[in-house]
Structures are given as C-alpha cells and as structure tokens.
Amino acid sequence: MASGTTSFARALDPSRLDHFVVLRRLSLSDLRRHGAELGLRASTFDECLNDGQMSAKVKQDLVEAGRFGLTGTPGFLIGEFVADDTVRVRRKISGAHPFEVFTNALQDLLTELYP
C-alpha cells in the first residue's frame, strides 16, 4: 500500500472520527485539548484561534462547500477534469465512512467513464 493511502486509511481510523462528529459542540477549551492531543504547539494554536485572521478564509470555505451541497465535515468530492480545466463533480461523500466506500465510489466512476 502506498504511503499516501496508508495515511489516508489511518486518518479514517474510527477512533479519530470523533474530531469530525462533535465539531459543533466544541468550546475553546475543547479545541485547545484536541490541539494538544494532535501535537500542536499551544502558543501558535492559541494565536491562530485568537487573532481571527483565518475567520474570513473559514467563512469562504463554508460558502464554497455549501455550493457543492456539503454541510459538514468530512466531505469529499470526486470528479473528472473537463475540457476547460475545471472539475465536474460526479460523486459526493458526506460524513466519515470506511475506506471501502471511497474505493467503491472511485471504481464505480471509473467503470462509468471507461466501460
């Protein structure tokens, strides 16, 4: 298995999915605790939380995700490049799922595109 695939599979480990599922219920102290659990440098993480510089970027990402019908995390879009160098979304996967859901979606799309 390629290292990228291994990292992806590790990221989908069910023991780590609570970071996605409970996002709306996180307080600042929860965020700091999760940051520490993930090995983030506390001072840098606090600075990022408090300075608001990323707020506009987060809001922009929320708007863009909404255009694709994504309403939570994690959310994945699978698509194909089209002639004008844009991507046409062909599959949407919302929520945390086993690795097989992703491989099946990719295989189904490849079968559809290249019968």
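Points worth noting:
- Gain on full stretching of the segment that runs from Leu106 to Leu62 - 0.36 nm per residue minus C-alpha separation: 13.3 nm
- Residues whose placed amide H lies under 5 Å from that of Arg90, excluding near-sequence neighbours: Ile78, Gly79, Glu80
- Prolate/oblate/rounded label for the stretch 71-115 (Cα gyration tensor, a/c 1.5): oblate
- In a fully extended conformation the segment linking Phe99 and Ser29 would gain 22.1 nm over its present Cα-Cα distance, using 0.36 nm per residue.
Quick note: the coordinates plus some simple rules give every number you see, no bench work behind them. Keep in mind the model is a prediction, meaning the values are calculated, not measured.
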